[in-house]
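**Student:** One structure, as structure tokens, below. Some questions next.
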Amino acid sequence: MNNLFEKIKTTDFNHLLTDYVIPYSIKIIFAILIYYVGRKIVHLIGKLIRKAMNKSGSDPMLAGFVVSVFDFVGIIIVIAAALSQLGLNTTSLVALIGAAGLAVGMSLKDSLQNFAAGVMILLFRPFTKGHFIEGAGVSGTVEDIGLIALKLKTPDNKLVIVPNGNIFHGNITNYSMTGQRRVDLLIDIAYTANIKEARDVISSVLETETRLLKSPEPSIGVNSLASSSVQLFVRGWVDTSDYFSVKVALLENIKIALDEHNIEIPYNKLDVNLLTDVNLKTN
């Protein structure tokens, strides 16, 4: 204890104050100011980026992702600048963050791949919410576009969650992008039937279907001369939302109309002949 008091008595407090306390206090104050002001600037720039992207019509989820990445990188830079003001070597900190990022990236490789695919989907927008698409072996209406996975509702009301990577790295068929779809039907009639009469009957059915668009006009023609039938194609354009209901209605009404005019729709037949031999001998 006496030694401690002796050291305190012999300490040059003026030297300690001028060489250590005041300089380090100033550095700490500047470091705090750098962190505080830098964080405010990063937050302000993030808001400006979000506002600009929203005005340009970008997807809100994409805007949020870009702002989040900017905020993260900006805060790291601000922290490094504040620590540098204190005289600390930030090189080791940057190397540590890089190594940690590499380790996390290796362990979450598949998730990061889906994440990158989600960003590309939001950026290039091959489809949006409400579109009916086909991809990765699944078809359905887009319910939600996440950064990791996509939610599709199938026509039979099932919810399918598909990883973004599976969707983006394969072929995507968007049935809703143009707003119109063509209904394609193949109708077989017998060789003995009158082709012109069959076309007139089918044409009358098309005229009664009000959901068919007038332009482009519906068309009917011979598609092929098959082995047991004359195959006719029937084409008509509809709004995408009416596609399935119009297709079902046309198939039913065309069948009824052909039956009413005795125009045969051929089908495969199998004849079975039973041969009996009264003279069969049993051994």
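The values are calculated or read from the model by the stated rules, or taken from the named source; none is laboratory data. Computed from a prediction, not measured in an experiment: that's the story for all the values here. Please note: Cβ atoms are built from the backbone with ideal geometry, for glycine as well, and neighbour counts cover all protein chains shown. For accessibility, only protein heavy atoms count, side chains too; no ligands or nucleic acids. Shrake-Rupley method; radii C 1.70, N 1.55, O 1.52, S 1.80 Å.
**Student:** Considering only the range 216-258, how many residues are basic (Lys, Arg) and under 37 Å from the mean Cα position of the chain (by Cα)?
**Tutor:** Residues of the range 216-258 basic (Lys, Arg): 235, 247, 255.
Applying the additional criterion that residues be under 37 Å from the mean Cα position of the chain (by Cα) yields 235, 247.
Looking only at that region, the number is 2.
**Student:** With the requirement that a residue be more than 30 Å from Phe132 (Cβ to Cβ) and loosely packed, with under 14 Cβ neighbours inside 10 Å, what does the range 225-245 give you? Step through it out loud before you land on a result.
**Tutor:** In the first step, residues of the range 225-245 are kept if they are more than 30 Å from Phe132 (Cβ to Cβ); the result is 225-230.
Answer for the range 225-245, where residues must be more than 30 Å from Phe132 (Cβ to Cβ) and loosely packed, with under 14 Cβ neighbours inside 10 Å: Leu225, Ala226, Ser227, Ser228.
**Student:** Ok, one more. Scan the range 156-175 for residues that are modelled with pLDDT under 90 and either assigned to a strand (DSSP E or B) or closer than 18 Å to Ser241 by Cβ (or both) and jot them down.
**Tutor:** none
**Student:** While we're here: Go through (1) among the small types (Gly, Ala, Ser); (2) part of a helix (DSSP H, G or I); (3) under 22 Å from the mean Cα position of the chain (by Cα); (4) at pLDDT below 85 one by one and return the number of the condition Ala99 breaks.
**Tutor:** Unmet condition: (3).
**Student:** Being basic (Lys, Arg) and either modelled with pLDDT of 95 or more or within 30 Å of Ala116 (Cβ to Cβ) (or both): is that true of Arg181 here? So that I can check it myself, show each step before the final result.
**Tutor:** Details: basic (Lys, Arg): yes; either modelled with pLDDT of 95 or more or within 30 Å of Ala116 (Cβ to Cβ) (or both): no.
Spelling it out, it is not the case that Arg181 is basic (Lys, Arg) and either modelled with pLDDT of 95 or more or within 30 Å of Ala116 (Cβ to Cβ) (or both).
**Student:** Of all residues in the range 124-148 being open to solvent by 30 Å² or more (accessible area, probe 1.4 Å) and touching a helix residue (DSSP H, G or I) at 6+ places or on another chain (Cβ under 6 Å), which is nearest to Ile172 (Cα to Cα)?
**Tutor:** Ala136
**Student:** To continue, here is another question. Identify, by number, the condition in (1) open to solvent by less than 50 Å² (accessible area, probe 1.4 Å); (2) at pLDDT 80 or above that Val37 doesn't meet.
**Tutor:** Of everything listed in (1) open to solvent by less than 50 Å² (accessible area, probe 1.4 Å); (2) at pLDDT 80 or above, Val37 misses just condition (1).
**Student:** Look through Ile167, Ile161 and report the one residue that is open to solvent by 60 Å² or more (accessible area, probe 1.4 Å) and either under 30 Å from Asn262 (Cβ atoms) or under 13 Å from the mean Cα position of the chain (by Cα) (or both).
**Tutor:** On the way: Ile167 fails: open to solvent by 60 Å² or more (accessible area, probe 1.4 Å).
One residue alone meets the criteria, Ile161.
**Student:** Could you tell me which residue of the range 56-68 is nearest to Ala116 (Cα to Cα), considering only residues that are surrounded by fewer than 17 Cβ atoms within 10 Å (Cβ to Cβ) and at pLDDT 75 or above?
**Tutor:** Ser68
**Student:** Taking the criterion of being farther than 24 Å from Ile265 by Cα, among the hydroxyl-bearing types (Ser, Thr, Tyr), in a helix (DSSP H, G or I) and open to solvent by 40 Å² or more (accessible area, probe 1.4 Å), would at least one residue in the range 195-217 satisfy it?
**Tutor:** Checking the range 195-217: not a single residue is farther than 24 Å from Ile265 by Cα, among the hydroxyl-bearing types (Ser, Thr, Tyr), in a helix (DSSP H, G or I) and open to solvent by 40 Å² or more (accessible area, probe 1.4 Å).
**Student:** Against the definition (of a type outside the set (Ser, Thr, Tyr), open to solvent by less than 20 Å² (accessible area, probe 1.4 Å) and either farther than 18 Å from Gly130 by Cβ or modelled with pLDDT of 95 or more (or both)), how does Val222 come out, yes or no?
**Tutor:** On the way: of a type outside the set (Ser, Thr, Tyr): yes; open to solvent by less than 20 Å² (accessible area, probe 1.4 Å): no; either farther than 18 Å from Gly130 by Cβ or modelled with pLDDT of 95 or more (or both): yes.
Considered against the rule, which asks whether it is of a type outside the set (Ser, Thr, Tyr), open to solvent by less than 20 Å² (accessible area, probe 1.4 Å) and either farther than 18 Å from Gly130 by Cβ or modelled with pLDDT of 95 or more (or both), Val222 comes out as no.
**Student:** Which residue is most open to solvent (accessible area, probe 1.4 Å), if the candidates are limited to the range 172-194 and must be among the charged types (D, E, K, R) and under 22 Å from Ser228 (Cα atoms)? Spell out how you get there, then give the answer.
**Tutor:** Within the range 172-194, the first condition is being among the charged types (D, E, K, R), and the residues that meet it are 181-182, 184, 188.
Narrowing the set further to residues that are under 22 Å from Ser228 (Cα atoms) leaves 184, 188.
On the way: Asp184: 71, Asp188: 50 Å².
Selected residue: Asp184.
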